[in-house]
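S.K.: Got a structure here, written out as structure tokens. Questions coming.
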Amino acid sequence: MMPGKVLNVSVAHLSATVLLFSLLVGLSALIGLERQPRQFRTDPPVAAALNQLRLMPSGIGGAPPEIYFALDRPYEASAYDLSQGKRLYSWFGCASCHGDGRGGAGPSLLDGWWSYGPSVVAIAASIRDGRPRGMPAFHNRMTTDQIWQLAGYVKTIGAYSASLAAPSRNDDKHTRPAENRAPAAILFHEDLPAQPRSEQGPPP
Amino acid sequence: MKERAVLDVSKLPLHGLSTASPTWWGTCAFMLIEGSGFALAIAVYFYLMSLAPNWPIDTPPPDLFAGTMLTLLLLASIVPNMLVSRWAKARALAKVRVGLIVMALLQAAPLALRIFEFPAMHVSWDENAYGSIVWTLLGLHTAHVITDLIDTLVLTCLMFTRYGDNTRRYGDVEDNCLYWNFVIVVWLPLYVCIYWVPRL
Amino acid sequence: MKSTSALLLLALLVSGCTGAQSILNAEGHAAIELKELILWIICVCAVVWLLVMIALVSALVRQRDPDGGAISERKAAVAISGAVGATVLVITGLTITSFYTTRALSEASPAELTIDVTAQQWWWQFTYVDANPTRAFVTANELHIPVGKVARLRLKSSDVIHSFWVPSLAGKRDLIAGRENMLTLRAERPGIYRGQCAEFCGLQHSHMALFVIAEAQADYERWAERQRGVGAEPTEAEAVAGKAVFMAKQCAACHTIRGTKASGTTGPDLTHVGSRRTIAAGLLEITRGSLAAWIADPQTLKPGNNMPLVPLTGDELRQLAAYMESLR
Amino acid sequence: MTEDRKQSSLMDDGLDDAELDWHLLKSWETPRGIWKVIATVDHKIIARRYIVTAFVFLILGGMLAVAMRIQLARPEARILDPDRYNQIFTMHGSTMMFLFAVPVMQAMALYLVPLMVGTRNIAFPRLNAFSYWIILAGGLLLWISFALDAAPDIGWFAYVPLSGPEYGSGKRADIWAQMITFTELSALAVAVEIVVTVFKQRAPGMSLDRIPLLVWSMLVMAFIVIMAMPAIVFASSTLILDRLVETQFYNPAAGGDALLWQHLFWFFGHPEVYIIFLPAAGMVSTIVATFSRRAIFGYLPLVMAFIATGILAFGLWVHHMFVVGLPRLGESFFTASSMAIAVPAGIQIFCWLATLWLGRPVFATPLLFVIGFIVTFVIGGLTGVMVASVPFDTQVHDTYFVVAHFHYVLVGGAVFPLLGAIYYWFPKMTGRMMSERLGRWAFGLIFVGFNLTFFPMHILGLLGMPRRVYTYQPDLPWGGLNLFISLSALLLVSGFLVFLIDVLVAWRSGEPAGPNPWKAATLEWATSSPPPAYNFRRIPVVDARDPLWRYPEELAVTAGLRVDRRELIVSSVVEALPEARESSPRDSIWPFWAAIATSIMLIGSIFTPWAVVWGSIPIAVTLVGWFWPKGTAEDIS
């Protein structure tokens, strides 16, 4: 626009312009990362497709259905779905066995040990179909959408580095750091003596 | 419009000190803002206290040692602080230089004690509202101590440059002393709140 | 002129219109008192406004006498002092009036009925408290009270702040997590009064209505007695099938139907859902069709609410709707 | 070396007017070039930027209002989904309050106060530059998040727990809370500048009882900002702490309290109304006096009323909380104090009416807007008296009655005077007149459109329609009125369009204004239109409230200021006796960098608490760059 002026600007000014521009872009990107398109309704065909979990024969690990990637992995990335998952965790009584995530009658969810692998699809399969030694199946109590929301949330409980979309504390008594502070990283240290594996229940 | 000169201002000084200096008034206005902030924080402290069945919530009152030492240290620093202010008014460059170095040390020392104050609360910020408000009060005050320390350090450097011997700089030193007095004065109600109110 | 036409309109509304949810359609003890106060204050203020307007117009268009400066300045000073004095009088009067109204409204009359109101996103749960716990019962979104009797509501919230407001019966009161508030209702005439959450509470704040049904004592007793009972056993074939669907599908995990194994507590109690006027907190009047529509796609009718879209076949849907309707 | 410079200093006494202008311009002018413009500290340029930015936000906020009216025109409309609607009404409220109303009023002060008190620049001009970049960053933060579907959806009041960690998922509430920090930072900075400018930079002889009323109102406003804004900064910061690092301020299960938020918010939120209204009252006082062709009647009572309003403003926040279940006694006290504020408001209205009565009104557009103001603001004030009554409020609280009430107060009480003020001071700011003909059209459309839009909302409220609903059901008797309101809103919008067209046309090709087109009395009309970079060739000396009416031919001025550096007069607080020939800072790019560093820190701290630590370092660096002496003539003392 003003060629003379542009040629005249010092290096400092040029870099300043670049910085300003990248700042704006960065700001947009940062918020864009946090973008929360809230999906309230999952079309029944989409839900049906999401239900096609492809598990390893052992039941440990597997791959989510293609549509999960096509949807851009909403259940691990959307803050809204994660917070819905957190509500489901209490509504469906998960705490009665898993406590605040540190386990109880059921295994701990944040000690870094996942009996069936840490992938979200394995967690979803555990919720949907249940597992031996006491984990009930929820497929006739929760919809596919809800199972995925809960699975995504459960994954954040045990995450070692908190995602930006992880939920924060509840309006409740404080028992452990909230998911957005990566409780697993704070509570579980490799150098501590190994705690009894959850199948045996918590230490007396 | 025609102009008629009725007042000759050429004999006026080029910079006034204290109430004749806009900077002084600006410092006062900022102290009023921050004072309002501290007053509100204290009001919130008492509001939360009025709701709680017992105070502090589920913890013993804080240990007195670190906080009391810090209070004494802050109070002791008033004397050199006032001296620096007086020397600045008298434009005694050498004395101001030494005084500022002393003040920088005296402002850094409380930070060392402050490190021990947080564990002395026996509560973490995320445990309950009591923990949240005492950590916030301490944090708020720490931020002011750090701000003034940085200000003092920069001023100290400045006084050793060719810009040092200037009424404006002496005014800045006086304002900085005024601000440090403010940091001390707001600490006193905070100290009472944090350490003695839970013992009532 | 606009304000007079507005006043006219207001008068019209006061006399003629009976909205389902209106401050001016006062049928409760408190609301009647409040309506009188409101109309009185509005009238006083309208007069004040008119006086100011007269002063404004005459200040703008009056004939100016060529010189009378000093005298009129003194007159103006007197006039202003008078006006300020009048202002003080008016606001003192209004303050005292409103103080007495508050006192009259808060005079404690013994409650004959206690109901726990728990607001949640985005519906109302009502628990009718009884000294004998087996006679207590739970319902949702529809409150029945006997006419002329004082019902005491204990207001609680299980999530965010809501506000209980049935304008025809009483002023509003917030429901706040961690606190308990009180509100008393006394309907003077039988009727169906609509209310609505009046504090912004998230996505479906707009669809969080409730109905208060004031009825004669005998009718109320009959209703309460039926509410205490377990859910009706369906007889119609379609409804029988619907019950099976309800128990097999996700429904039972969130809703309770007393007398069956459905005992979820996340959603409203459905034991007598068929006896209510509306579904989904005042969203739709209950018919078999609207029930089916709601179950088929709650997220389109009330986006963001906590009832999930449960995939069902057409038959299952019809059967469920029939079952719901049969729960009277 | 200092001595040399002092000797070579150039004084204004020996120069003729043209030479003086040339030298002053050289010292004060903002050079051309984008970086020079960014670095400017001229209060007029910055204030103009502020005003234009605020009006851009007004247009954006207005578009949101139109979107809401389209959605509400029919029952159960599905033009906006509830999620979007909640974002929109939150954005509308936040934009109008934090990005339009407060900044535009402060911007008018930034432009007018230095001119009206007869000085050459505002106090702390670099802080002023900083404050603009900060509020711009805050506005961008909010609006970029809106564009990305991540805007706050919690209302402009952001009540916990809805905005808290459990129910406000994602970063939406944090963005709102941090936007607050941006805008309050900027508002506080401007308030300090106004206070110090009024206290210390008044023209010699302008003792406290000769300050123009607009300046008084801005001074009181600045003090309210200083006392009230810390509350909201504290509230929004603790909200972010609750959400990010799990403090428990608002968690009832851990000793916190949801009502604490409401107390803090309204302790700021109610004074906020007077922060917006008092400058408008100052504008009205000025316009009424000028177009009545006489001095304002009741100068002292008006000043007292401003101050009383400022004090009472802090005693009535609880009237926003009448339905939360507080003790009866407290409620009665707040009813009384809320009603009491009607007394200073009444005094103001009566004094303006008396001035009009005693004077010879000239019905120019600014006065039309003031008349519109009196008509509507009295309605807003009276409905304010109504909602101050506890029992009355239990029915209308959070209904459309309240929506009507505060739009009458804020649009009737502040936007009407503001538009009048724009018509009034536009010639001073641009050197060109706005069109009287378009002005009358704009006034007519806005006045009629406003009343047709908002008056029926009173009735909707009485008919039981709550606020903040994205739709309502067809069987409720609200459809007709809502449709009527939505249609009337178009009339209101067309009025604003006419106004904007008038501004743009006048800016390009309005008639030249001359220094004092309205024959007004205060000092800003003693200099050319638009004023030169140095405001006054020589700083005036004042011995009356209406200097230009008292001495229409001749301006008493000072002599003996240097012209080769930026110099102005500092005077005493009460009598305005000259105390020093103080310098005024040169242009600097550092406030801009400091604002960028501050923005990075504040936005980063939405995501991680460590941003506060690491982000403070660049802020400290930029501040040192800002305050480090550069050896210019301004540093000599």
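S.K.: Which whole number in µm²/s is D for region D:425-469 by Stokes-Einstein, with the Kirkwood Rh taken over Cα pairs at 25 °C and 0.890 mPa s?
M.R.: For these conditions, the coefficient is 185 µm²/s.
S.K.: Follow-up. Highest mean first, what order results for D:200-207, C:187-194 on Cβ atoms within 10 Å?
M.R.: Values: D:200-207: 25.6, C:187-194: 18.8.
Peptide ranking by packing, descending: D:200-207, C:187-194.
S.K.: In what sequence do C:220, D:534 fall when counting other Cβ within 10 Å, fewest first?
M.R.: Numbers: C:220 19, D:534 27.
With the fewest neighbours first, C:220, D:534 line up as C:220, D:534.
S.K.: Between 0 and 90 degrees, rounded to the nearest ten: what's the tilt of helix D:436-462 against the longest Cα principal axis of chain D?
M.R.: 30
S.K.: Test of understanding: ordering C:197, B:28, D:351 by Cβ neighbours within 10 Å, fewest first, what list do you get? Walk me through the intermediate numbers first.
M.R.: On the way: C:197 32, B:28 20, D:351 25.
Ascending number of Cβ neighbours within 10 Å: B:28, D:351, C:197.
S.K.: Okay, next question. Cα gyration tensor of region C:237-326, axes a ≥ b ≥ c as square roots of the eigenvalues: rounded (a/c below 1.5), prolate (a/b > b/c) or oblate? Please list the in-between numbers first.
M.R.: Details: a/c = 1.24, a/b = 1.15, b/c = 1.07.
Because its axes are fairly even, with a/c under 1.5, region C:237-326 counts as rounded.
S.K.: List every residue whose amide H lies under 5 Å from the amide H of residue C:144, counting only residues 5 or more places away in sequence or on a different chain, with H placed 1.01 Å from N in the peptide plane.
M.R.: Long-range HN contacts for residue C:144: C:213.
S.K.: Report ³J(HN,Hα) in whole Hz for each residue of region D:563-577, in order, from the Karplus equation J = 6.51 cos²θ - 1.76 cosθ + 1.60 where θ = phi - 60°; Gly and Pro get x.
M.R.: Whole-Hz 3J(HN,Hα) from phi for region D:563-577: 10, 8, 9, 6, 9, 9, 9, 9, 10, 6, 5, 8, 8, 6, 7.
S.K.: Over chain C, what relative contact order in percent results from Cα pairs under 8 Å that are six or more residues apart? Kindly include the intermediate steps, with their values, before the conclusion.
M.R.: Numbers: 571 pairs, mean separation 50.8, N = 328.
The value is 15 percent.
S.K.: Per residue of A:142-150, what is the mean number of Cβ atoms on other protein chains within 10 angstrom of that residue's Cβ?
M.R.: Values: counts 5, 7, 4, 5, 5, 0, 0, 1, 0.
For this peptide, the per-residue mean of nearby foreign Cβ atoms is 3.
S.K.: How far is helix C:314-326 tilted off the main Cα axis of chain C, in degrees rounded to 10, range 0 to 90?
M.R.: 70
S.K.: What number in nm² do you get for region D:191-297 if you take the convex hull of its Cα atoms and divide its surface by four?
M.R.: Numbers: hull surface 35.9 nm².
Average projection, Cα convex hull of region D:191-297: 9.0 nm².
S.K.: Cα-Cα over 27 Å: which of B:11/D:630; D:36/D:171; D:44/D:200; B:89/D:200; C:172/C:249? Write down the numbers at each step before the final one.
M.R.: Details: B:11/D:630 25 Å; D:36/D:171 36 Å; D:44/D:200 19 Å; B:89/D:200 21 Å; C:172/C:249 39 Å.
Flagged as over cut-off: D:36/D:171; C:172/C:249.
S.K.: Taking all pairs of distinct Cα atoms, average 1/r, flip it, and tell me the Kirkwood hydrodynamic radius of region D:40-587 in Å to one decimal place.
M.R.: Numbers: mean 1/r = 0.0416 Å⁻¹.
Evaluated on region D:40-587, it is 24.0 Å.
S.K.: Going by the alpha-carbon gyration tensor, a ≥ b ≥ c the square roots of its eigenvalues, is region C:113-228 rounded (a/c under 1.5) or, if a/c is not under 1.5, prolate (a/b greater than b/c) versus oblate?
M.R.: Numbers: a/c = 1.83, a/b = 1.42, b/c = 1.29.
Prolate is the answer for region C:113-228, as a/c is 1.5 or above and a/b outweighs b/c.
S.K.: At 222 nm, what helix-only mean residue ellipticity would chain B give, in deg cm²/dmol to the nearest 500, using -39500 (n - 2.57) for each DSSP H run of four or more? Please report the intermediate quantities before stating the final value.
M.R.: Values: 6 runs with 138 residues, N = 200.
Theoretical 222 nm ellipticity from helices: -24000 deg cm²/dmol.
S.K.: Would you mind checking the tilt of helix B:93-120 against the longest principal axis of the Cα atoms of chain B, expressed as 0 to 90 degrees and rounded to 10?
M.R.: The angle comes out at about 20 degrees.
S.K.: Divide the volume of the convex hull of the Cα atoms of the protein assembly as shown by its number of residues and quote the answer in cubic angstrom per residue. Display every interim value, and only then the final one.
M.R.: Details: hull volume 263.8 nm³, N = 1369.
It is 193 Å³ per residue.
S.K.: In addition: Along region D:53-67, what does the Karplus equation 6.51 cos²θ - 1.76 cosθ + 1.60 (θ = phi - 60°) give for ³J(HN,Hα), rounded to whole Hz, x for Gly and Pro?
M.R.: 4, 4, 5, 4, 5, 4, 5, 4, x, x, 5, 5, 4, 4, 4
S.K.: Label points 7 Å out from Cα along the Cβ direction at residue A:43 and residue C:40: separation in nm?
M.R.: Modelled inter-label distance: 6.2 nm.
S.K.: Between the alpha-carbon centers of region D:376-418 and region C:250-314, tell me the distance in whole angstrom.
M.R.: Measuring centre to centre over Cα atoms gives 40 Å.
S.K.: In what order do D:12, D:153 fall by count of nearby beta-carbon atoms within 10 Å, going from fewest to most?
M.R.: Values: D:12 24, D:153 28.
Ascending number of Cβ neighbours within 10 Å: D:12, D:153.
S.K.: Given the peptides A:168-176, D:174-182, B:71-79, D:137-145, arrange them by the average over their residues of other C-beta atoms within 10 Å, most packed first.
M.R.: Working: A:168-176: 19.1, D:174-182: 25.2, B:71-79: 15.8, D:137-145: 22.4.
Most protected by this proxy first, the peptides run D:174-182, D:137-145, A:168-176, B:71-79.
S.K.: Mean residue ellipticity at 222 nm from the helices of chain D, using -39,500 (n - 2.57) per DSSP H segment of n ≥ 4 over the full residue count, to the nearest 500 deg cm²/dmol?
M.R.: On the way: 22 runs with 398 residues, N = 637.
-21000 deg cm²/dmol, from helical runs alone.
S.K.: Could you give me the ³J(HN,Hα) list for region A:142-158, computed from phi with Karplus coefficients 6.51, -1.76, 1.60 and θ = phi - 60°, whole Hz, x at Gly and Pro?
M.R.: Ordered by residue, 3J(HN,Hα) equals 10, 7, 4, 4, 5, 4, 5, 4, 5, 4, x, 5, 4, 5, 5, 4, x Hz.
S.K.: Could you tell me what percent of the DSSP beta bridges with both partners in the protein assembly as shown are antiparallel, to the nearest 5? Don't skip to the end; give the middle numbers.
M.R.: Details: 40 of 58 bridges.
Antiparallel: roughly 70 percent of the beta bridges in the protein assembly as shown.
S.K.: Please give the Cα centre distance for region D:448-508 versus region B:1-27, rounded to the nearest Å.
M.R.: 52
S.K.: Here's another thing I want to ask about it. Taking every residue in C:94-106, how many Cβ atoms of other protein chains lie within 10 Å of its Cβ, on average? Mind showing how you got there, number by number?
M.R.: Working: counts 8, 11, 2, 3, 13, 8, 1, 5, 9, 3, 1, 4, 2.
That average works out to 5.
S.K.: Shifting gears a bit: Based on the Cβ-Cβ distance of residue D:448 and residue C:112, what FRET efficiency does E = 1/(1 + (r/R0)^6) give at R0 = 51 Å, to the nearest 0.05?
M.R.: Details: r = 53 Å, r/R0 = 1.04.
E between residue D:448 and residue C:112, to the nearest 0.05, is 0.45.
S.K.: Quick one: which residues, 5 or more positions from residue C:124 or on another chain, have an amide H under 5 Å from its amide H? H modelled 1.01 Å from N in the peptide plane, none for Pro or chain starts.
M.R.: C:141
S.K.: Hey, another quick one. So, by mean Cβ neighbours within 10 angstrom, what's the order for D:316-323, C:249-256, C:297-304, D:280-287 with the highest one leading? Present the calculation step by step, with values, prior to reporting the outcome.
M.R.: Numbers: D:316-323: 22.9, C:249-256: 21.0, C:297-304: 18.5, D:280-287: 28.9.
Packing proxy ranking, top to bottom: D:280-287, D:316-323, C:249-256, C:297-304.
S.K.: Right, another one. According to the square roots a ≥ b ≥ c of the eigenvalues of the Cα gyration tensor, what is the shape class of region B:21-199, taking rounded for a/c under 1.5, prolate for a/b larger than b/c otherwise, and oblate for the remainder? Mind showing how you got there, number by number?
M.R.: Numbers: a/c = 3.01, a/b = 2.16, b/c = 1.39.
Judged from the Cα gyration tensor, region B:21-199 comes out prolate (a/c at least 1.5, a/b above b/c).
S.K.: Name the long-range amide H neighbours of residue D:579: under 5 Å, sequence gap of 5 or more, or other chain; modelled H, no Pro or chain starts.
M.R.: Under 5 Å from the amide H of residue D:579 lie the amide H atoms of D:570, D:571, D:572, each far enough along the sequence or on another chain.
S.K.: Distance between the C-alpha centers of region A:115-139 and region B:152-181? Whole Å please.
M.R.: 67
S.K.: Is there a simple number for the mean count of other chain Cβ atoms within 10 Å of the Cβ of residues in C:297-309, and what is it?
M.R.: Numbers: counts 2, 2, 6, 3, 1, 2, 8, 9, 2, 5, 0, 12, 9.
Mean partner-chain Cβ count within 10 Å for C:297-309: 5.
A short reminder: the numbers here are calculations on the coordinates, not readings from a lab. As the structure is a computational prediction, the values presented were derived from the model and not from experiment. Please note: Cβ atoms are built from the backbone with ideal geometry, for glycine as well, and neighbour counts cover all protein chains shown.
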